[in-house]
Amino acid sequence: MTLTAGVIAVQGDVSEHATAVRAAAAAHDEPADVVEIRESGIVPDCDVLLVPGGESTTISRLLTEEGIAPEIKTHVRAGKPVLATCAGLIVAARDTGDDRVEALGLLDVTVERNAFGRQKDSFEAPLDVDGLEEPFHAVFIRAPAISDVGDAEVLATWEDRPVAVRDGPVVGTAFHPELTGDHRIHDLAFFETD
Ligand code: GLN
């Protein structure tokens, strides 16, 4: 069976995510088709979805204006996986902490945009992630913090703050798992579902 992976392609690391999904699928002997999503009508054909980083205000506007937001909610209600990273985590949250960013409510978390402060605008950290045997080298770029976790499960923390969570079929990370050539987070989100 071929896995159809849709990447929300407004901005940010689309090809890196495509590479990581293909690598994760190949490790499970599955070919993957990666499709870019900029309009409605494509999400219903996807088995898994990726919401990459970028600017959450811009991504949110596209998802709302193009009618993609309700399709993503339907995808999750059907129990299909989503990986939402950085700005993607912000739009996927129950509370985005910013009126300009519509909350999709896919993850039961509250986020705070750009919360790691100027000193730590961008940083890298070896993260222990539940379900991974070795630390994951995580790249944070103007990352959001997760300030409240409702029913979501915390998969990783950095300096006592949750930075990776799972809520049913949805995995969210405050960092960018597509930038290091390590596809274990994509594997966790799309193939280690329970
Ligand atoms: N700072 C961005 C936002 O708040 C997120 C940054 C990113 O995705 N790397 O939308």
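Yes or no, residue by residue, for (1) among the hydrophobic types (A, V, I, L, M, F, W, C); (2) assigned to a helix (DSSP H, G or I):
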{"residue": "Thr4", "(1), (2)": "no, no"}
{"residue": "Ser15", "(1), (2)": "no, yes"}
{"residue": "Lys73", "(1), (2)": "no, yes"}
{"residue": "Glu102", "(1), (2)": "no, no"}
{"residue": "Val111", "(1), (2)": "yes, no"}
**Prompt:** Taking Gly53, is it in a loop (DSSP other than H, G, I, E, B) and more than 24 Å from Glu192 (Cα to Cα)?
**Reply:** no
**Cβ-Cβ under 6 Å pairs, at least 6 apart or on other chains, the range 38-50 side closer than 19 Å to Val91 by Cα, far side surrounded by fewer than 12 Cβ atoms within 10 Å (Cβ to Cβ)** = none
**Complete:** Restricting the range 179-190 to residues that are within 16 Å of the ligand (Cβ to nearest atom) and open to solvent by 10 Å² or more (accessible area, probe 1.4 Å), the one nearest to Ala18 (Cα to Cα) turns out to be Leu179
**Asked** Considering Val171, Val165, which residue is in a strand (DSSP E or B), within 20 Å of Glu16 (Cβ to Cβ) and either more than 12 Å from the ligand (Cβ to nearest atom) or open to solvent by less than 70 Å² (accessible area, probe 1.4 Å) (or both)?
**Response** Val171
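This table checks each residue for (1) over 21 Å from Ala27 (Cα atoms); (2) in contact with a helix residue (DSSP H, G or I) (Cβ under 7 Å, 6 or more places away or on another chain); (3) within 14 Å of the ligand (Cβ to nearest atom).
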| residue | (1), (2), (3) |
| --- | --- |
| Phe136 | no, yes, no |
| Val139 | yes, no, yes |
| Pro144 | yes, yes, yes |
| Arg161 | yes, no, no |
**Prompt:** Among the residues of the range 110-128, is there at least one that is closer than 29 Å to Ala23 by Cα and in contact with a Leu (Cβ under 7 Å, 6 or more places away or on another chain)?
**Reply:** no
**Item:** Set Ala84, Ala125: member being under 26 Å from Thr193 (Cβ atoms), within 16 Å of the ligand (Cβ to nearest atom) and within 15 Å of the chain's Cα centre (by Cα)
**Value:** Ala84
**Message:** For the range 49-72, check the following and say yes or no: at least one residue is on the phi > 0 side of the Ramachandran plot and within 13 Å of the ligand (Cβ to nearest atom).
**Reply:** yes
**Item:** Residues within the range 130-146 that are open to solvent by 40 Å² or more (accessible area, probe 1.4 Å) and farther than 25 Å from Gln11 by Cβ, tallied
**Value:** 5
**Complete:** Scanning the range 91-114 for residues that are open to solvent by 10 Å² or more (accessible area, probe 1.4 Å), within 12 Å of the ligand (Cβ to nearest atom) and in contact (Cβ under 8 Å) with a residue 40 or more places away in the chain gives Gly97, Asp98, Arg100, Arg113
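The values are calculated or read from the model by the stated rules, or taken from the named source; none is laboratory data. The shown structure was predicted, so the numbers you read here are calculated from the model rather than taken from an experiment. Backbone-built Cβ (ideal geometry, glycine too); neighbour counts: all protein chains shown. Keep in mind that these areas ignore ligands, DNA and RNA; they rest on the heavy atoms of the full protein, side chains included. Shrake-Rupley method; radii C 1.70, N 1.55, O 1.52, S 1.80 Å.
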